[in-house]
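The structure appears right after this line, and notes come after that.
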Amino acid sequence: MKLSVFKILASTLLIFIVSVDNICAQKFILLQKGSRQKTSLKYEIGELFTYKSKNNDYYITDVIKDIQLDIIVLSENILKPEDITAVDVLNKDTRNGTLQNLSYMSYGAGVILLSAEAINSVYHDKSLSISSGVLVGTGTLFATGFVLSKLRYRHFKNTKRNKIQLVILYGD
């Protein structure tokens, strides 16, 4: 009985030691503008990657299968970082979430302002009337929300300052 428990523990330990090499390894694509860490985006294995290459004038979406020293292995293509002209980062960039939330807040403030004016006019005057100042304020809030929604970061272009790096880290 003790021998079989020992064998089970030894085999489990052996499997764990063999798999530690894969657990500690990290491979990702780093999109970085300049030297600032705030503007860097990280794509890992298994994520969707939407890119435009030198050979195509349109964006292609594919899943990252592996990252090697000088190539990106996708489910249907193999790319070098130099061949990528642009990457679609609309859904990846965290700053887009902040801009989207600000635009929703502006839209919501416009709706609340317009609703409050309408409810107050019905309650006090027994008829629906909205003042021109409230209409101007509501229009300004809606316009601000629209402008903020269009300011989102859509594309990362592979140019001089913008770099696409393949990073492979192995644990000690």
Query raised in the report: If Asp62 passes every condition in (1) in contact (Cβ under 8 Å) with a residue 24 or more places away in the chain; (2) touching an Asp or Glu at 6+ places or on another chain (Cβ under 6 Å); (3) over 22 Å from Arg161 (Cα atoms) but one, which one does it miss?
Result: (1)
Requested in this report: Go through the stretch 43-80 and count every residue that is of a type in the set (Val, Ile, Thr), more than 20 Å from Ile168 (Cα to Cα) and open to solvent by less than 70 Å² (accessible area, probe 1.4 Å).
Outcome: 2
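Taking the criterion of being of a type in the set (D, E, K, R) and out of contact with any Phe, Trp or Tyr (no Cβ under 9 Å at 6 or more places or on another chain), would at least one residue in the stretch 87-105 satisfy it? Show your work before the answer.
At the first step, the residues of the stretch 87-105 found to be of a type in the set (D, E, K, R) are 88, 92-93, 95.
The next check asks that each one be out of contact with any Phe, Trp or Tyr (no Cβ under 9 Å at 6 or more places or on another chain); those that pass are none.
No, because not a single residue in the stretch 87-105 is of a type in the set (D, E, K, R) and out of contact with any Phe, Trp or Tyr (no Cβ under 9 Å at 6 or more places or on another chain).
Can you say whether Val89 is over 22 Å from Asn162 (Cβ atoms), within 19 Å of the chain's Cα centre (by Cα) and β-branched (Val, Ile, Thr), as far as the supplied structure shows? I'd like the intermediate steps shown before the answer.
On the way: over 22 Å from Asn162 (Cβ atoms): no; within 19 Å of the chain's Cα centre (by Cα): yes; β-branched (Val, Ile, Thr): yes.
Spelling it out, it is not the case that Val89 is over 22 Å from Asn162 (Cβ atoms), within 19 Å of the chain's Cα centre (by Cα) and β-branched (Val, Ile, Thr).
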Query raised in the report: Among the numbered criteria (1) modelled with pLDDT under 90; (2) open to solvent by 80 Å² or more (accessible area, probe 1.4 Å); (3) hydroxyl-bearing (Ser, Thr, Tyr), which single criterion is violated by Ser129?
Result: (2)
Query raised in the report: Which of (1) open to solvent by 80 Å² or more (accessible area, probe 1.4 Å); (2) modelled with pLDDT of 90 or more; (3) within 22 Å of the chain's Cα centre (by Cα) does Ile112 not meet, given it meets every other one?
Result: (3)
Query raised in the report: Residues of the stretch 81-109 being open to solvent by 60 Å² or more (accessible area, probe 1.4 Å) and among the hydrophobic types (A, V, I, L, M, F, W, C), which ones?
Result: Leu102, Met105
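Looking only at the stretch 1-42, count how many residues are at pLDDT 60 or above and either open to solvent by 50 Å² or more (accessible area, probe 1.4 Å) or more than 19 Å from Leu169 (Cα to Cα) (or both). Walk me through how you get there before you give the answer.
Quick first cut of the stretch 1-42, residues at pLDDT 60 or above only: 4-12, 15, 25-42.
Of the ones still in play, those that are also either open to solvent by 50 Å² or more (accessible area, probe 1.4 Å) or more than 19 Å from Leu169 (Cα to Cα) (or both) are 4-12, 15, 26-27, 33-39, 42.
Count: 20.
The values are calculated or read from the model by the stated rules, or taken from the named source; none is laboratory data. Everything quoted here is computed from the prediction, not taken from an experiment. Backbone-built Cβ (ideal geometry, glycine too); neighbour counts: all protein chains shown. Accessible surface areas use protein heavy atoms only, side chains included; no ligands, DNA or RNA. Shrake-Rupley method; radii C 1.70, N 1.55, O 1.52, S 1.80 Å.
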